[in-house]
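Read-outs: derived from the displayed coordinates by stated rules, not from any lab. A quick note: this is a predicted structure, and the numbers were derived from the prediction, not measured. Here the Cβ positions follow ideal geometry from the backbone for every residue, glycine too, while neighbour counts run over all protein chains shown.
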Amino acid sequence: MLMRSLLIATVIGLLGAAAQAHAAGGARAASPSQQEIDTGRLIYQQQCAACHGVKGEGKPGWEKRDALGELPPPPHDPTGHTWKHADAMLYKTIRDGWRDPFNKTKRLTMPAYKDTLSPHEIRSVISYLKTLWTPEQRRIQREEGKRHLFPPEAR
Ligand code: HEC
């Protein structure tokens with residue numbers, strides 16, 4: 001009888017630990033560590049700020065195409081639309097670069113970072129961008145993007 005209750009207690013204990021680990025994993029996915037955000041901020045200042053602005057304010061007139069049909073770098077702060085994209089899309093944009101399909105040129109106006117940044121560095125810079133959004137924008141992005149998360153290599 002004692003053995004049996006011990007066994008049950010152990011099983012309950014293990015289940016509890018698993019649930020806690022799961023909750024911790026979920027929390028980590030939802031809120032990155034301060035270290036990850038600090039790494040992302042540094043990368044942003046070194047690699048992105050020249051185009052997207054020191055505070056993520058973008059280039060003036062970013063919504064207007066130039067003579068080549070190209071769009072200037074948009075803001076990442078609450079005035080832009082970065083927050084409307086799911087993690088998977090933001091990751092892909094930074095890894096592979098991006099040009100608006102309407103551009104008359106073929107060049108990537110948003111450079112590809114796959115040879116410059118590791119998957120975790122790309123993720124860190126996105127975690128930093130999220131700190132520029134309003135709590136409401138963060139909530140919507142998390143809710144609407146929950147089926148389009150970071151790819152496995154960045155988890
Ligand atoms: C040479 C200038 C330049 C640099 C450097 C640059 N970007 Fe961009 N980025 C752009 C341009 C231009 C666009 C818009 C392209 C378009 O829509 O045609 C863009 C678009 C984006 C978008 C999509 C935003 C949206 O709302 O659709 C993200 C995300 C992004 N950049 C992140 C970054 C990050 C992170 C870095 C640094 C690792 C970076 N960019 C570095 C020029 C740049």
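For this structure, a couple of remarks:
- For the residue pairs Lys92/Lys130; Lys55/Lys106; Lys84/Lys130; Lys59/Lys106; Lys84/Lys146; Lys92/Lys114, alpha carbon separations beyond 19 Å are given by Lys55/Lys106; Lys59/Lys106.
- Additional length obtainable on full extension of the chain from Ser33 to Gln46, 0.36 nm per residue less Cα span: 2.6 nm
- Label sites at Val54 and Lys104, each approximated as a point 7 angstrom past Cα along Cα to Cβ, lie 3.5 nm apart.
- Taking the Cα centre of the stretch 34-154 as origin and assigning +1 to Lys and Arg Cβ atoms and -1 to Asp and Glu Cβ atoms, the resulting dipole is close to 260 debye.
- For the stretch 130-135, putting each phi into the Karplus relation 6.51 cos²θ - 1.76 cosθ + 1.60 with θ = phi - 60° gives couplings of 4, 6, 7, 8, 6, x Hz, in residue order, rounded to whole numbers and with x for Gly and Pro.
- Linear extension gain, Met89 paired with Glu144, 0.36 nm per residue minus alpha-carbon span: 18.6 nm
- Sum of side-chain charges, Trp83 neighbourhood, beta-carbon under 13 Å (Lys, Arg +1; Asp, Glu -1): 0
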